Each structure stands twice: as structure tokens, then as C-alpha cells.
1. Given the residues A:Q61, A:Q100, which is the only one that is more than 8 Å from every other protein chain (Cβ to nearest Cβ), surrounded by 15 or more Cβ atoms within 10 Å (Cβ to Cβ) and modelled with pLDDT under 85?
2. Any chance segment B:477-489 includes a residue that's in contact (Cβ under 8 Å) with a residue 60 or more places away in the chain and crowded, with 19+ Cβ neighbours inside 10 Å?
3. Among the strands (runs of 3 or more DSSP E) contained in segment A:1-86, which hold 1 or more residues that are free of Cβ contacts under 8 Å to residues at least 40 places away in the same chain and not charged (D, E, K, R)?
4. Out of segment B:236-287, which residues are modelled with pLDDT of 90 or more and on the phi > 0 side of the Ramachandran plot?
5. Taking B:A437, is it surrounded by fewer than 18 Cβ atoms within 10 Å (Cβ to Cβ), assigned to a helix (DSSP H, G or I) and more than 14 Å from chain A (Cβ to nearest Cβ)?
6. Please count how many residues of segment B:9-26 are under 12 Å from B:V143 (Cα atoms), in contact (Cβ under 8 Å) with a residue 60 or more places away in the chain and under 30 Å from the mean Cα position of the chain (by Cα).
7. Can you pull out every residue in segment A:25-41 that is surrounded by fewer than 19 Cβ atoms within 10 Å (Cβ to Cβ) and either within 13 Å of B:L359 (Cβ to Cβ) or not hydrophobic (A, V, I, L, M, F, W, C) (or both)?
8. Take B:L486 and tell me if it is within 26 Å of the chain's Cα centre (by Cα) and either in a helix (DSSP H, G or I) or not acidic (D, E) (or both).
Amino acid sequence: MSNRKSRKRLWMGLGIAAVVGAVALLVTGGLKDNVVFFLTPSELEAKGADVYDQPLRLGGQVKPGTVDWDAEASELEFVLRDDSSQVRVHSDGAPPSMFQAGIGVVVEGHYSRDGVFRSDRVMVKHSNEYSAPKEGEHPQEAYRTLIEKNGQ
Amino acid sequence: MLDLNLLGTASVVAALIGALCTAGVGYWAGYRRRPRLDVVARRGVYFVFFAMTAALAVMEIALLTHDFSVSYVASVGSRQTPAYYTAISLWSSLDGSILFWGWILAAYAALVARANRNTYPRMMPYVNATMMVVGVFFFTMLVGPANPFGEVSPVPADGPGPNPLLQNHPLMGLHPPLLYLGYVGMAVPFAFAVAALLTGNLGEKWIRASRRWMLPPWAFLSLGIVAGAWWSYEVLGWGGYWAWDPVENASFLPWLTATAFLHSVMVQERRGMLKTWNLSLVMGTFLLTLFGTFLTRSGILDSVHAFTEGLIGPIFLAFMTFVLVASLGLIAWRSDRLHAPGTLEDVASRETAFIFNNLLFVALTFTVLLGTVFPLIVEAFEGSRISVGPPYFDMVSAPIGLALLFLMGIGPALPWGRADWDRVRRTFAVPLGVGLAVSAATLAVGVRQVYPVLTFGAAGFVMTTIADEFRRGMEARRRISGARGLRALWELLAKNRRRYGGYVVHTGIVVIVVALSISRAWRFEREATIQTGEAMTIGDYRVELAEVWGEDQPQRFVVGSTFDISSGEGDRLGTMEPSLNFYPNSEQPIATPAVRSSPKEDLYLTLMAFDSEEGRHATVRAIVNPGVPWLWIGGLIVGLGAILAVWPTGSTRTSRSVSIPHRAADRRGDEGPP
């Protein structure tokens, strides 16, 4: 009787241990491969060769006068800067609609050996929390011609 | 003119004082067993509900009449915002959402007090008191750091309007209330758990009560999560519906533990096992709702160090610690009464399936929680900022989810107690065969991705076991009442709401999982800049840019693009108009993607950029999203099943045993304390 009971316990224990072990493996492996470091251009400059070809997020400001958007090839180039440093960024695909010179952006990709940050995703920084809005621009004025074209 | 600041603040203060007194009276009434004081506590709960309703009404009046002397109205109101969005801007920012939260809590408390005024005489004073303690926490925030009724002077002429993301789609009126109803409702089973521990009566009663009160919030939370995914899909313009964002994870975590509880509670009902486990799940679920609110409302996500700047983060942290310590303390205090009268009889039994189901749910909770807080831990200890990408969550959740899907087919078909192997073989032969056939067919049509092949096979297996359960149930109905066909199905559903409602929920989940799998495996997208009159092709669609236009609306300026859609063969399918909306209070435009749904797939267009001078060209991202419409349909099925399971019925308990053709039906005597 107790033999049957202990065998039952053994099976349950083995099953539970297997599940827990598999999940632990998944978690450690998953975390190791999918942690993305967030750097600023100066931090990237300081780390340099240490972070070549690692998945990274780079946050900074789009330097005015450096944005080059090639609509035909769907390629975007610009310089991302912070207070003391700057990095050239190359990105495939259209910039997000609110992308403009001077705006804060986060780019996701990797730092390649030629010193260019190759990005596959450009995100305009926006706060997650509902902060009080700042004095915004007035797009009505900028795009007035589109309304007039419609004869409105 | 009426002073709305004063009226609102007075209502909230009244609610706070009422909740404090009621909590005191309730615990005293429970401790001294004074029925007359019970009545006082119950009236106190009603009083708090009325005070909070008054506060809510004052806020809505202030919002709709644009009374900018009220601080919350001044921060989210605007004369240009349409009335609908003004009304729902109650939950568009922190202070208002905590007010809404507090009101829902008061409403749940009043509902529980009213519904159970003649039942659970020993537990109810404690339940009322515990609900009020939770209330005290939220009302304190409303009186203090998150007071939405602050006085603004001088009174501004107009306000900035709500967060543009939250006034861009009508779903915003549905998604947050559903989530809040789910989130806040988890306090009720928690209150029952605390009451059970305080009375020391840890048998069947609290389990029945907390199961009953867990189901509605669980259903709301499920619908809220699906509505949130839908909102994300319709508003954010990236063509996805779930990004493993911390805010999304915060809603998912308590759902996981609540779902685990809804299963493990059956093991305690039938077999008297898992007492401590069930208490822990209920308490953990409530803690996770607090944690989720803390995560999304304290600003901690922006930076670990940011949240201490306000008072809200520390207050939340203090309350969470209090709840955790009190819960653990209560469980430890009553540990002598928590030993299980029942034991596991056999490894091959439904309770084993449920134990592994729970193990997997908790493992999934743990992995999602870890991925969500890992960046915070790293920042706190090492100072470097990291993020854990969606691939982590996909990688860990896919196998666990698949295992859970598979168990969904095994558990309900196994008997309680001890399985008879011949019967197990007979029960599973056909479903397993169907599952293998589905997997083989998926392989045969050329699919080589692992997850779709496994998922479809598991889905076929589960659906066959569910169909088999229905078939057996209907046969039993025929034996009992002679009903056949649809009538038998109707009787079955009507008499066994909980059980068959559960199967309907399972069906909805299977639909969702299959849709997820399809949309992840076969989604494709193309981005192009198109001149007016020209077209791009994606899949079977031809997308031609007809026009780029602008339109002034009261609260915003819209730049839209009109695309003529036709099929590859040249049949006209209609037009789609993705647009960008420019709100005066936002530097960035908010996209309104255009979605064309068919049973097979969605065509999803997002306007990315446009020629702002003459409107001659537009850059569009086109995505073909197969299977996505079925996500929402699956969500509706889950909701229907949950309603079926929750619907009050007097006859469930007597009719349950006759329709279960398992010998387990005879084991109901095991329930409860010996």
C-alpha cells in the first residue's frame, strides 16, 4: 500500500520537477538572448567595440540638417546625438509620421563595425504616462494647402 | 453657481470616513458576532457607495459642463472634444481613473453586501470590512495625492483635451471599463479569502462564494484584454494586437492566476485538496491587480527612480506590502486548519491534470512577471537600462501555452479520483486520432513551421474532446428527459451552466489560439510610397492611391488618403481611408489605420507619410493579417461562455450529478470538510 503511495508521489514529483526545470531553462535561455540594452550615443561611443552586432536600443535627438530620406529606395539616414556625442543611423523603411529634425527618437538595431548604427525600427519617443501636453505645433497651418486643394 | 470642487472633495472625504468606520465596525461585528452591528456595517457599505456615486456624478457634471475650475477637467477637458469623449475622459488620466476605480470598488462592495445579506452570516462582516479597507486605500489617494477635485485659479478658458490616443477610437469607451471591472472585482474573492481565514472556517463555503464572485470579474478581465488588443490593433497603427508591453502584461498576469484558481477550485470542491494553494491564488491575483496598477500608474516604468518623486508610488508600495504581509500572516496563523482532508488517489485523474494546469499557469505568470520587472531589477541594481524584447515572451509563452492547450483536452475527459485505463483509452482514441490527422494534414499542405503544426493538432484534439463531452451530455439528457437534438443541447446548457459554459469558454480560447498561431505565422507586410493614380500590390490585393486630403474637425485636423482596393483579377473591392490625426495638444499625429476584414484575413493600411504640399504621393504600410478577425470572434465566444457559466441558477447543484456519465459523479460526498 505504502509502496503504491510512494510510487504515486514519485511520478508526481518527477512530473512537477520536469515542468519546473523546463520552464527554468526557457526563462534563462530566453532572457540571455533577448535582453536589449538601452544606450545613449555617448554610452555607445564609450562601449564601442564591446557592443558590435548586439541588439541595442539607442536613444537621442535627431540632429537637424542631417535627415536624408530616400523614398524610392525606402531608406532613411540621419545623425542621432546627445549632449556630447553623435552616431550615424541607417534605417530601412519609412520614418514614423511624426519623425522630424530635433525630435527625440529611439532606434532599435545594432552597431555595425563601420561605425553606423543599422536600425530596423525607428520609434518616436513618447511618454507612456499621460503627461500634461506641451504647447504643440499647429498642423492645420502647415497642411492648409491640403484643405484648400479639397475646396473646403 | 454650485461649487463642484467642494462638493466632489466632500463626497470623497465622506467615502473615506465612511469606509474607515465601516471597516472598524465590520471587523468588530465579525469578532464579537454581533448581528446588529452587521446591519450597521452593511449600511456603511451602502453609504460609501452613495458617496462615491455622488463624487462620480459631480466629476461627470464638471466634465460635461466644462467646469475648468476643477483640476481634473482643467487637465483633460476641452471645449472642442466631442461629448462622448468628454464623458469617457473620466478614465483618460490618473486622478480620474482612480476615482472611477474607487467607484467600481464601492459598487462591488455594495453589490456583495446586498446579494449576501442573508447568507454567510459569519463571513459577511469580515468581507464588508475587507472591501472597505481596500476602499480606504483608494479613497486616501483621492483625498490626497490624486485628488481630481482640486481648485484651479484663475479658471482657464479652455483645456488641452484628453490624451489624443484615448480620444481617437470609440473602443476607448469599452476597453478601460471592462478592464477595471475585472481588476477591481478581484478584490471580492480576496475579501472572502480573508474572511474565511479570520473565521477559521476554511471549508466549502468560502470556496463556493469566492468561485462565484471570481467568475464575473474574470469574464470582464478576459473581455477587457481582448478589447485592449482590438483597440491596439485599431488605433496604434503597427498592425499588431499584442506587444508584451508592461501595461498589457499587467492585465494578463492576474488573468492567468484567476484562471488557475477557477480550475484548482474544482479540485478543492471535489477532493478537498489544495486549500492553501487556492487561498494563495486568490490573494496573489488581488496582489497582481495592485501590482499592475502600481506598474502602470506610478511612473516606475519610465525609470525606477522616477516613481518616488510622487506620493502615489510609495503609497501603492506600502499598501501592496501590507496586503502581502497580512495575507501570508493570516495563512500562517491558520495553517493548522489548512491540511487537506483528501489525497491524490491516482496519477491518471482529473485532479492531476488540474494540478499540472495550475503549475503551468503559475509558471507562465512567473515568466511574464519576470520579463516585465527584469528591466526594473537590472536598473535598480546595476544602473544600466535594458528592455526585454517580445521574442523573450514569445519564446517562453508559446511552449507553455501549447502544453496548456493540450491539457485542455485531457483534463475534462479524465474522471475524478481514479481512471479506468480501458475507459481512458476509449475516451482518447478518437480525439487523439483527429489531432494527429489535423497535424498530418497541415504538414501535407506544405506547412513546415513547428508551432502551427502542433497548435492545429492540439486544437483538433481539444475540439474533438469537447464535442464528445457535448455528445455524451446530450445522450444523458435523452435518457433522462427524452429530449433530442437542439432541445437536448438547450437543456444541457440550461441545467449545467457552469460545466458547459466552461466548454464554450474553452472553445473560444481554442479559436483565439489558432487565430494567434495563423496570424503570427503568415502575416506579411509591404511598405511603399505611391503617387496618386498608381498602385502597389500585396498578396491578392491591388492598392491604388486615389487622393490625399485634409479635413478640419472641431477637435483635430485630419490628413487622410483614399485608396481604391481591387483583387488581383481586377474586381473592385471598395475603398479604404487610413488617416493621420493631428491634435492640438500632441506633437505627434495619431494614426487611424484602415482595416478591411474578411473571414480569411484582414487587409490593414496605415498612412505613414504624405506629400504635405500638394498631396501627390503617400507612403503606406500595407499588412495582410490572416486569421485576425477570429481573435475577436474567439473573444466573444469566451464572453458568451462566461455569461453562461455565471448566470444565476438554482438547480445546478442537484442536476450536475445526473448528467455526468463518469463514476466521479458519485464522489460528491468528498466535498468540504470531513
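The values are calculated or read from the model by the stated rules, or taken from the named source; none is laboratory data. Keep in mind that this is a model prediction, so the values were computed, not measured. Virtual Cβ from ideal backbone geometry, glycine too; neighbours counted across all protein chains shown.
1. On the way: A:Q61 fails: modelled with pLDDT under 85.
Sole residue among the options that is more than 8 Å from every other protein chain (Cβ to nearest Cβ), surrounded by 15 or more Cβ atoms within 10 Å (Cβ to Cβ) and modelled with pLDDT under 85: A:Q100.
2. Kept after step one, since they are in contact (Cβ under 8 Å) with a residue 60 or more places away in the chain, are these residues of segment B:477-489: B:477, B:480.
Checking which are crowded, with 19+ Cβ neighbours inside 10 Å leaves us with B:477.
Looking for residues that are in contact (Cβ under 8 Å) with a residue 60 or more places away in the chain and crowded, with 19+ Cβ neighbours inside 10 Å, one finds at least one in segment B:477-489, hence yes.
3. Numbers: elements: A:35-39, A:56-62, A:68-70, A:75-81.
Result: A:35-39, A:68-70, A:75-81.
4. Passing the criteria: only B:W244.
5. Details: surrounded by fewer than 18 Cβ atoms within 10 Å (Cβ to Cβ): yes; assigned to a helix (DSSP H, G or I): yes; more than 14 Å from chain A (Cβ to nearest Cβ): yes.
Yes.
6. Keep residues of segment B:9-26 that are under 12 Å from B:V143 (Cα atoms), which gives B:9-17.
Then keep just the ones that are in contact (Cβ under 8 Å) with a residue 60 or more places away in the chain; that gives B:9, B:12-13, B:15-16.
Filter once more, so that each one left must be under 30 Å from the mean Cα position of the chain (by Cα): B:12, B:15-16.
Total meeting the criteria: 3.
7. Result: A:T28, A:G29, A:K32, A:D33.
8. On the way: within 26 Å of the chain's Cα centre (by Cα): no; either in a helix (DSSP H, G or I) or not acidic (D, E) (or both): yes.
When the stated conditions are applied, B:L486 does not pass them.
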